[in-house]
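Below you'll find the structure, written out as structure tokens, and then a few comments.
The values are calculated or read from the model by the stated rules, or taken from the named source; none is laboratory data. Bear in mind that the values here come from a model prediction, so they are computed numbers and not experimental data. Note that we place each Cβ from the backbone using ideal geometry, even for glycine, and neighbour counts take in every protein chain shown. Accessible surface areas use protein heavy atoms only, side chains included; no ligands, DNA or RNA. Shrake-Rupley method; radii C 1.70, N 1.55, O 1.52, S 1.80 Å.
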Amino acid sequence: MLLVSYTTLGQLFYMAYFYMPSVNVEVTSPLAAAWTDDVMKRRLAAEISTFGGYGYVHAQERAQNTANMNVPSIASTSTADDDPTEDVAALCSRRSGLEGISSIPCPKAQHHAEYQPMRETPGKQTSADEMEPQDNLAPTPHSPIGMEPSLEATHSEPMAPQSHAEASLPPQVTIEEARECDMVGGSGDQAIKPSSIKRFKRTCKRIVKRPPTCKSPFVTQCVKQFPKIPHAHRVVADYALAEIGDPSEILCEMYGMYITREEISCLNAGRWVNSVIVAIVSRMMNGQQAPPARTHYFDPSFSVILTNLKTNATSQVIMDRCRMYLDAGILGHDLGTCNMMFIPVCENNHWHMHVVNFAAARVEILSSLPLRRGNSISAATRRLSMAINKALHAYAIHMDVDVSTFEHVQPHLVQQLNGFDCGILALKFMEFWNGATLTTSVAEDKLNMYRLQLVVELVLNEHNTVRDKIMASCHL
């Protein structure tokens, strides 16, 4: 069954339902698009061959208002056993759309009320013989005017001024869109071309959340250069290196030492690393070792004490001067078990590491600048090795060796490209040197990252007594 309109003798009629097995009509949206010229000719030819003409219809009043029914948009199908002479098409017509549209009532009104569009009709459809006859609506052969129902039969409720095709549209298609498609679609087999007026270009705007502005110019530079820095590290480094904070605020306190905001500011780009940072890093690395300690990291002040020792200093003087650096009771472990000793040295405003490698009987100079004079080590380096040997023997440490006679070498390591990165490079050498090479490569283009990481390690260290206070200030 399908909704269709056609013109006969100058009159426009609307066919509400018909049942004709010999004519199959596709389901389209809008429904009128399926009724091409060829389909209309085949339908008229089938009607004339079946009834001897056209206009033989039995119209019947709809049981309920058409506006409140969901008319199925499915073309009628039939089996081979159906008799086309017994199945009469049910048509509904009115002169005016304002009076409403009548149609054949469904035997089961509740089923139609609950009917959902685009569902197949179960079972065989109701034929004309099963419907209630209406004698007062007998049509006149070949007379379209005879198809008009009498006044007694037209008692349906008035509907809104819209055509039957508009009332039968699917719920997702609006009337304006259907009319627009009808105007641009054409006729015959020509495909319907949707209007471009109803096309909307959907544009999506990607909302990018900008990172918060850092108070420290150095942290801002690091974030641009290394975008993968964790958010917590950014916040902590920005808080520690902010120039507007209190310079005397203690940001790190552990191992009997503390670092203020002013002292930690030396880790900004373009600054020399001060001895306070080197000393607390040395103690932090000693605290990370599991006993027995195989490596010991001295405070940078130890090299100053050794350099100032006189050549004729007695053992008692040496013990008094070096007690806090070599006494096992103060250190908490015996240096006789250590295979390597790292001594930070700042000579002529340049930081390097003086490493005593007992296992290899070698003194290794880890520096980012050449310290050689020709093919020999500097005299200051050799004097330092002699002072180390006297201090160790004064405390009966490694009595079987003479450090002053060890081979002095300077491995080829990363060289600094400016005059202020020697301190951060010396700390990296101290962290990664294993007695033969660096366990982790050090890159020249990541020195700013190393500085920022060192700030985070100092502030967020688990031994830092003010760590919780700093994290609360950073809202972490």
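If you roll a 1.4 Å probe over the heavy atoms of the protein chains, what accessible area per residue do you get for the stretch 321-476, in Å²? Intermediate values should be presented prior to the final figure.
On the way: 7280 Å² over 156 residues.
Heavy-atom SASA per residue in the stretch 321-476 reads 47 Å².
Classify the stretch 302-347 as rounded, prolate or oblate from the Cα gyration tensor: take a ≥ b ≥ c as the square roots of its eigenvalues, call it rounded if a/c is under 1.5, otherwise prolate when a/b beats b/c and oblate if not.
Numbers: a/c = 2.12, a/b = 1.26, b/c = 1.68.
Oblate is the answer for the stretch 302-347, as a/c is 1.5 or above yet b/c matches or exceeds a/b.
Taking label points 7 Å from Cα along the Cα-to-Cβ direction, N348 and D246 give a separation of 4.3 nm.
Could you order F342, F406, F420 by accessible surface area, starting with the largest, using a probe radius of 1.4 Å? Before the final figure, lay out each step's value.
On the way: F342 0, F406 20, F420 65 Å².
Putting F342, F406, F420 in descending order of accessible area: F420, F406, F342.
In this simple spin-label approximation, S49 and A360 carry label points 7 Å from Cα along the Cα→Cβ vector, and these lie 10.5 nm apart. Taking a point 7 Å out from the Cα of A379 in the direction of its Cβ, the residues of the stretch 324-368 whose backbone N falls within less than 19 Å of it are 347-349. The modelled label-to-label distance between M386 and T28, using points 7 Å beyond Cα along the C-beta direction, is 10.9 nm. Tell me whether the stretch 356-473 comes out rounded, prolate or oblate; compute the Cα gyration tensor, take square roots of the eigenvalues as a ≥ b ≥ c, and use a/c under 1.5 as the rounded threshold. Oblate, because a/c is 1.5 or more while a/b does not exceed b/c. Each Lys or Arg adds one and each Asp or Glu subtracts one; over the other residues with Cβ under 14 Å from the Cβ of Y450, this totals -1.
Suppose every K and R has +1 on its Cβ and every D and E has -1 on its Cβ; what is the size of the dipole of the stretch 408-476 about the Cα centre, in Debye to the nearest 20? Don't skip to the end; give the middle numbers.
Details: 5 positive and 7 negative charges, 19 e Å.
So the dipole magnitude of the stretch 408-476 works out to roughly 100 debye.
Placing unit charges on each Cβ (+1 for Lys and Arg, -1 for Asp and Glu) gives the stretch 337-476 a dipole about its Cα centre, and among L454, W433, M341 the Cα reaching farthest toward its positive end belongs to M341.
Note: the stretch 235-292, Cα convex hull, 96 Å³ per residue.
Taking the Cα atoms of the stretch 241-388, the ratio Rg/Rh between the radius of gyration and the Kirkwood radius comes to 0.99. From most to least packed by mean Cβ count within 10 Å, the peptides 232-245, 285-298 give 232-245, 285-298.
Residue ranges 310-317, 407-414 sort as 407-414, 310-317 when ordered by packing (mean number of other C-beta atoms within 10 Å per residue, highest first).
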